[in-house]
Amino acid sequence: MKALTRADVFTRLTNERGKPLRMLRWWHDALVALDKPDVREILLWLVRQAGKSQFLAAVGASELLTVRDSYTIFVAASAEQAQAIFARKLRKPLERLAREMGMAGALNFTQRGIAVPELGSALEVIATNESTVPGRTVTKLIIDEARYINDETYAVLAPSCIGAGGQMLIASTAGPPRGFFYELTQNPTPETFLYRGDVNENPEADAAVVGFVQRRLALISPAAARRELGNEFADDGAELIPAGLIDAAIDDRLGELPASSLPAFAFLDLSRKADLTSLVVVVVGPPQRPEAGDHVICASVMTWNPKENPTGETDFAAVRDALSRLPVRFPALRKILVDEGAEAGTVLPYAKSHARLSLLVEGFTGSVASNQQLWSALVARLNAQTLSLPRHERLLNELRGLRREEFAFGSKWRVVDSSRRFHRDVSLALAGAVLAAGETQRCPHCTAPDCEYPFPPFGLADSDYVREWVKLHTPAPVIPERVVIEISDEQWAAMSPEEQSRYEVVQE
């Protein structure tokens, strides 16, 4: 078999219609990155119909024909797409190339793959619904339209590159602001080549048609127009919380606070087997915005996964222990709401008999009305930008996947997880803690976060601390505005002594 270079393949290979490939500007940049040993992943974030699949197929073909012992996996979102890519963009162009170069016998074709025995190289096209794990170490992992491919598939396939120091080539148009492709593009590393194209550079695309489709699509779904033709990660508008509000609330300085003297509020969501048990604590501090009365900070997120326990059930002893330590960690703990669902008996009786928890614990009964109130409290805080969140992966993924679903002819609504990957566990506990915190009224006379004006602090009435507090918090007397009126001597004489005492006489 004649030795080929990657440039030979790209210049000789044809598209599905038998025409030579037309090199786009971004192709050159991506190909340079492809052969850099320090580039581990190539992310191509491009608008629709910009030549992504054709480029990926050409890369797969060049890897097959030029790299000895290479094994390339090409991942498509569905079996139909995988079959179309293999037949139209790989098999036919490669058969045509092999005939022209007199090496037709060098390629072995299967139902979904191609092998070059002389080089020991192979290429296989798989779909995400085929539960396929590579049989050997992958040197090139190619993923097309990654927005349609779930995180579990990426999690299974990505480690297959480890053995050979393989490289990942992932391309897609923007989708909703979640999923592995969104996270990768938002968090590139020094070993990442990221190319974002907001304009369709495909010479086959008619600019007038693109503009027309964009205008018409924007009438039906502005979010779809932003995704497909503007290449922006955008939701369809049914999301409970816009992605921008979630991102604005993230504070990378936050983590699991060991303790805080600020007023604290908590919510405990319980589950025995199916879901996480979650305990979230928020603290209320001074306002961070001039127009706000206070600011809520997510101080602690604790979860218990029943699947990680040998019994397959939540370790409620550990949950009770964590609950008992809250008054120590947060001396100004004010309220703990506990889910009164089926598992309430594992915690509530214990908390009610606990010396430091009994006056703080309240049951929370989930209903359509109470859940609307709970989620509304969280949304209100995020809209007002008076809530700070840590970069807790599970919490943020849950928040991004929440959707509002209306029923009863639009008179009621509930919150669901549209991603179908997470139950509303940690996010529910956060919303409950925010609801428990409420809207703390700040003292108009001081900035102390624990001041409960108009009630004086607990202590001896004659102590210096209490006297200073009373002095600072005693409102200044209100001096009425003086109004000057003129009356005659006869009118003055006609007044009774009581009426005259209400006036101050000024002689001119």
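Against the list (1) under 18 Å from the mean Cα position of the chain (by Cα); (2) assigned to a strand (DSSP E or B); (3) at pLDDT 90 or above; (4) of a type outside the set (Val, Ile, Thr), the condition LYS335 fails is (1). Within the stretch 307-332, the only residue that satisfies the criterion of being buried (at least 16 other Cβ atoms within 10 Å of the Cβ), outside any helix (DSSP H, G or I) and among the β-branched types (Val, Ile, Thr) is THR314. Take ALA98 and decide whether it is part of a helix (DSSP H, G or I), among the small types (Gly, Ala, Ser), in contact with a Gly (Cβ under 9 Å, 6 or more places away or on another chain) and closer than 17 Å to ARG6 by Cα. Yes, satisfied.
Residues are listed down the side, and each one gets a yes or a no for (1) farther than 19 Å from THR303 by Cα; (2) open to solvent by less than 60 Å² (accessible area, probe 1.4 Å); (3) touching a Ser or Thr at 6+ places or on another chain (Cβ under 6 Å):
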position	(1), (2), (3)
VAL338	no, yes, no
GLN373	yes, no, no
GLN385	yes, no, no
ASN397	no, yes, no
ARG404	yes, no, no
PHE407	yes, yes, no
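In the stretch 39-57, the residues that are touching a residue at least 40 places away in the same chain (Cβ under 8 Å) and farther than 14 Å from ARG25 by Cα reach residues that are part of a loop (DSSP other than H, G, I, E, B) and of a type in the set (Ser, Thr, Tyr) with C-beta atoms within less than 7 angstrom, at least six apart or across chains, in these pairs: VAL47/THR173; ARG48/THR173. Just one of (1) touching a Ser or Thr at 6+ places or on another chain (Cβ under 8 Å); (2) assigned to a helix (DSSP H, G or I) fails for VAL283. It is (2).
Okay, residues lined up against (1) over 30 Å from GLY401 (Cβ atoms); (2) not acidic (Asp, Glu):
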{"residue": "ASP69", "(1), (2)": "yes, no"}
{"residue": "THR72", "(1), (2)": "yes, yes"}
{"residue": "ALA77", "(1), (2)": "no, yes"}
{"residue": "ARG96", "(1), (2)": "yes, yes"}
{"residue": "GLU100", "(1), (2)": "yes, no"}
{"residue": "GLY105", "(1), (2)": "yes, yes"}
{"residue": "ARG112", "(1), (2)": "yes, yes"}
{"residue": "LEU119", "(1), (2)": "yes, yes"}
{"residue": "SER160", "(1), (2)": "no, yes"}
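Taking every residue in the stretch 138-158 that is closer than 24 Å to GLU232 by Cα and assigned to a strand (DSSP E or B) and pairing it with any residue that is aliphatic (A, V, I, L, M) and open to solvent by 40 Å² or more (accessible area, probe 1.4 Å), at least 6 positions away or on another chain, yields no pair with a Cβ-Cβ distance below 9 Å.
Per the listing ALA299, ALA292, the residue uniquely assigned to a loop (DSSP other than H, G, I, E, B), under 17 Å from THR386 (Cα atoms) and open to solvent by less than 30 Å² (accessible area, probe 1.4 Å) is ALA292. If you go through the stretch 166-206 and keep only what is modelled with pLDDT of 85 or more and assigned to a loop (DSSP other than H, G, I, E, B), you end up with GLY166, THR173, ALA174, GLY175, GLY179, ASN187, PRO188, THR189, PRO190, GLU191. Could you list, in sequence order, the residues of the stretch 103-122 that are open to solvent by 70 Å² or more (accessible area, probe 1.4 Å) and in contact (Cβ under 8 Å) with a residue 60 or more places away in the chain? Result: GLU118, single match.
The values are calculated or read from the model by the stated rules, or taken from the named source; none is laboratory data. From a predicted model like this one, the values you see are computed outputs, not experimental measurements. For neighbour counting, all protein chains shown are included, and Cβ atoms are generated from backbone atoms with ideal geometry for every residue, glycine included. The accessibility values were calculated without ligands, DNA or RNA, using every heavy atom of the protein model including side chains. Shrake-Rupley method; radii C 1.70, N 1.55, O 1.52, S 1.80 Å.
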